[in-house]
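Below: one structure, written as structure tokens.
The values are calculated or read from the model by the stated rules, or taken from the named source; none is laboratory data. Here the structure is a predicted model, which is why all the values come from computation and not from measurement. Using ideal geometry, Cβ is built from the backbone for each residue, glycine included, and neighbour counts are taken over all protein chains shown.
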Amino acid sequence: MLPGMVKKPRIAIVGPGHLGTSLAVALRRAGFAIEAIVGRADGKSAQRAQKLAKQLRSRASADFEADVVWFCVPDAEIARAAADFAGRFSWKKKVALHSSGALTSDSLQVLRGEGADVASVHPLMTFVEGSRVSFAGIPFAIEGNAAAVRVAKEIARDLGGNAYSVSKQDKAAYHAWGTFASPLLTALLATTEDVAGLAGVKGNEAKRRMLPILWQTMSNYAARGAAAGFSGPIVRGDIETVRKHLKVLRRSPTAREVYLALTRAALRYLPAKNKSALKTVLGREP
């Protein structure tokens with residue numbers, strides 16, 4: 001909580017999107033007062049703000065006195081949203097947060113200049129339409145002014161999350177890491193469905209048949225790590241099978257590019273037999 005406060009800080013959420021909605025619901029359950037939900041003046045954002053505010057017994061309004069203002073808008077809109085709120089009221093003794101994984105707290109510089117303590121607070125989690133995420137156990141990467149960092153860490157802990165410091169210079173790499181862990185993993189799964197189509201298995205049926213091996217793969221990774229959880233033709237050094245894969249994947253050029261890239265990554269990071277021969281096979285491919 002803020003210096004001199006006995007109760008938890010009052011919070012305003014700017015941006016009732018996937019993250020903002022999940023965060024507001026979790027904060028309310030953790031005992032925080034959600035003073036306001038702020039959406040754009042018209043369109044779906046305003047409707048979402050009204051609906052969420054009603055659910056949380058809050059207000060859909062840009063007029064508030066919250067101790068903490070949490071910007072949950074897209075990265076490209078953070079600085080503009082902060083500028084829109086500059087000058088509306090006194091920012092002294094207030095904390096402004098944003099949840100971009102790639103941008104630093106400097107995106108809130110205009111509010112820092114008005115006396116606010118600012119920080120970036122990124123939960124390493126995916127948020128999609130219709131999902132409600134429990135923040136228990138989720139890591140929060142935090143950087144910014146000391147006072148804002150302290151408040152952000154307390155909020156993360158109250159949500160059941162784990163707070164970690166991240167340096168400004170590491171944020172781009174940090175966010176790239178998160179992108180590999182979820183969005184690009186999803187892209188790989190979509191590519192996998194395309195390859196299933198080459199075998200005559202389409203759509204939801206492909207997903208249904210893949211799920212058991214996907215769950216087991218993640219279970220192996222969680223329990224044993226990447227190297228011990230690695231299986232298949234590459235770890236066995238099965239050159240002829242890899243050649244057959246590359247041949248059939250000519251029917252799906254994008255999937256073939258992904259296969260080549262991931263096989264090269266496997267030879268770089270994971271155990272495999274016949275590495276030199278496999279590299280030779282891959283090296284002959286465009």
Could you tell me whether any residue of region 210-219 is aromatic (F, W, Y) and farther than 30 Å from R29 by Cβ?
no
Can you pull out every residue in region 171-223 that is within 22 Å of H245 (Cβ to Cβ), at pLDDT 95 or above and not in a helix (DSSP H, G or I)?
A199, G200, V201
Please verify whether G237 is on the phi > 0 side of the Ramachandran plot, of a type outside the set (K, R) and touching a residue at least 40 places away in the same chain (Cβ under 8 Å), treating the condition exactly as stated.
yes
Search region 185-207 for residues that are farther than 13 Å from V258 by Cα and pair each with any residue that is at pLDDT 95 or above and among the acidic types (D, E) when their beta-carbon atoms are under 7 Å apart and the residues are at least 6 apart or on different chains.
A206/E193; K207/E193
With respect to S105, determine if the residue is crowded, with 20+ Cβ neighbours inside 10 Å and not aliphatic (A, V, I, L, M).
yes
Taking region 240-258, which residues are free of Cβ contacts under 8 Å to residues at least 60 places away in the same chain, surrounded by 16 or more Cβ atoms within 10 Å (Cβ to Cβ) and either among the polar types (S, T, N, Q) or out of contact with any Phe, Trp or Tyr (no Cβ under 8 Å at 6 or more places or on another chain) (or both)?
V242, S252, R256
Cβ-Cβ below 7 Å, separation at least six or inter-chain, first residue in region 68-81 and closer than 10 Å to L103 by Cβ, second outside any strand (DSSP E or B): which pairs?
D75/S100; D75/A102; D75/L103; I78/S100; I78/L103; I78/S107; A79/S107
Considering only region 38-124, give the strands (runs of 3 or more DSSP E) lying wholly within it that have at least 3 residues that are touching a strand residue (DSSP E or B) at 6+ places or on another chain (Cβ under 8 Å) and either more than 13 Å from G15 (Cα to Cα) or not hydrophobic (A, V, I, L, M, F, W, C) (or both).
95-98, 117-123
Regarding region 140-155, can at least one residue be identified that is assigned to a loop (DSSP other than H, G, I, E, B) and in contact with a Leu (Cβ under 6 Å, 6 or more places away or on another chain)?
no
Check whether at least one residue in region 47-55 is small (G, A, S), over 23 Å from the mean Cα position of the chain (by Cα) and surrounded by fewer than 21 Cβ atoms within 10 Å (Cβ to Cβ), and report yes or no.
no
